[in-house]
Amino acid sequence: DTGVSQDPRHKITKRGQNVTFRCDPISEHNRLYWYRQTLGQGPEFLTYFQNEAQLEKSRLLSDRFSAERPKGSFSTLEIQRTEQGDSAMYLCASSPGTGLTGGNTGELFFGEGSRLTVL
Amino acid sequence: AQSVTQLGSHVSVSEGALVLLRCNYSSSVPPYLFWYVQYPNQGLQLLLKYTSAATLVKGINGFEAEFKKSETSFHLTKPSAHMSDAAEYFCAVSRSGAQKLVFGQGTRLTINP
């Protein structure tokens, strides 16, 4: 299967601990997105990368959140000092992205998500 | 800024009945519009997309949507519901193919036998 993969699928942690999620995009896609989804809500944009460059971060992304894509392939999302309000599904998506000014139709390909529960 | 409003967080129809899921958007520029579906314990899948070509867009599984600029709407329809259509449906908007998607809150579709 060559879709977007995320790991781990489920993570239960205690408040105050750090957690890290990994996303492997579709191999030929140079754009990678992170979204957060809480129960009964649509996905909320967190950040995205064009290759290794982080081009946009949402104001939702507090200082405790950091994302990296060091070699323009996989990405990690780290949450430090987790709080109960961080409990959510963290979604990763990728897209072809033919350049900074676009040229693709914007379709995102999503992984199955990483569910975080903070106790 | 772009935004999407989905009218009705929960829609219930009988099997074989018409499905209509409503989506209104706000955009300062011509939008790209999308419908995604999320089945339980699965990732979001693209149903269909509008990218400034034909205003009536056909997608997978018999779904279609019509872009109406005058009404700023992009409602999703299916003539005859099937039990397998039960899922969460999300409308999304972007400014162009290079921009992030902004999602609505979703509509949960239930199909009654």
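Tabulated data for the structure shown
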{"read-out": "Per-residue mean of C-beta atoms belonging to partner chains within 10 Å, peptide B:44-52", "value": "3"}
{"read-out": "Separation of the A:ASP7 and A:LEU39 label points, Cα + 7 Å toward Cβ, nm", "value": "2.9"}
{"read-out": "Proximal charge balance of A:TYR35 [Cβ under 10 Å; K/R count +1, D/E count -1]", "value": "+1"}
{"read-out": "Long-range amide H partners of B:SER12 with built H, under 5 Å", "value": "B:THR110"}
{"read-out": "Integer Hz, Karplus 6.51/-1.76/1.60 couplings in order for the range A:55-64, x for Gly and Pro", "value": "8, 8, 10, 6, 5, 5, 7, 6, 5, 7"}
{"read-out": "Förster radius 30 Å - calculated FRET efficiency between A:GLN54 and B:ALA54 (Cβ-Cβ, nearest 0.05)", "value": "0.25"}
{"read-out": "Top positive-direction residue, dipole computed over chain A with Cβ charges, set A:CYS23, A:SER114, A:VAL4", "value": "A:SER114"}
{"read-out": "Most mobile of B:VAL11, B:VAL29, B:VAL57 in a GNM of chain B (Cα contacts under 10 Å)", "value": "B:VAL29"}
{"read-out": "Distance (nanometres) between label positions extended 7 Å along Cα→Cβ at B:ARG108 and B:VAL29", "value": "3.7"}
{"read-out": "Max mean-square fluctuation residue, GNM over chain B, Cα-Cα springs under 10 Å, options B:SER28, B:SER84, B:SER96", "value": "B:SER28"}
{"read-out": "Built amide H within the under 5 Å cut-off of B:VAL19, gap 5+", "value": "B:LYS78, B:SER80, B:ALA81"}
{"read-out": "HN-Hα J in Hz across the range A:11-21 - Karplus 6.51, -1.76, 1.60, θ = phi - 60°, x for Gly and Pro", "value": "9, 10, 9, 8, 3, x, 7, 9, 9, 9, 10"}
{"read-out": "Paired Rg and Dmax values of chain B, which use every Cα atom, in angstrom", "value": "13.3, 42"}
{"read-out": "Compactness index (Cα Rg / 2.2 N^0.38 Å), chain A", "value": "1.02"}
{"read-out": "Size of the A/B contact, given as accessible area buried on both chains, probe 1.4 Å, in Å²", "value": "1700"}
{"read-out": "For chain A, built as a Gaussian network whose Cα springs stay under 10 Å, the top-fluctuating residue of A:GLY85, A:GLY40, A:GLY106", "value": "A:GLY40"}
{"read-out": "Loop-resident sites, the range A:1-82, for trypsin sites (Lys or Arg not before Pro), counting at most 10 other Cβ within 10 Å (DSSP)", "value": "A:LYS14, A:ARG59, A:LYS71"}
{"read-out": "Per residue value of the accessible surface for chain B (all protein chains in place, 1.4 Å probe), Å²", "value": "46"}
{"read-out": "Within-13-Å neighbourhood charge of B:VAL4 [Cβ basis; K, R +1; D, E -1]", "value": "+2"}
{"read-out": "Label point distance in nm, B:HIS10-B:SER80, each placed 7 Å from Cα along Cα→Cβ", "value": "2.8"}
{"read-out": "Alpha carbon convex hull of the range B:33-73, volume per residue in cubic angstrom", "value": "73"}
{"read-out": "Cleavage-rule hits (GluC sites (Glu not before Pro)) in the range A:19-64: DSSP loop, at most 11 neighbouring Cβ within 10 angstrom", "value": "A:GLU28"}
{"read-out": "Average beta carbon contacts from partner chains per residue of A:34-40, 10 Å cutoff", "value": "2"}
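The values are calculated or read from the model by the stated rules, or taken from the named source; none is laboratory data. Fair warning: this is a prediction, and the values are worked out from it, not measured in the lab. Counting neighbours? That spans all protein chains shown, and the Cβs are built from the backbone with ideal geometry, glycine included. What goes into the accessible areas is simple: the full protein's heavy atoms, side chains included, and nothing from ligands, DNA or RNA. Shrake-Rupley method; radii C 1.70, N 1.55, O 1.52, S 1.80 Å.
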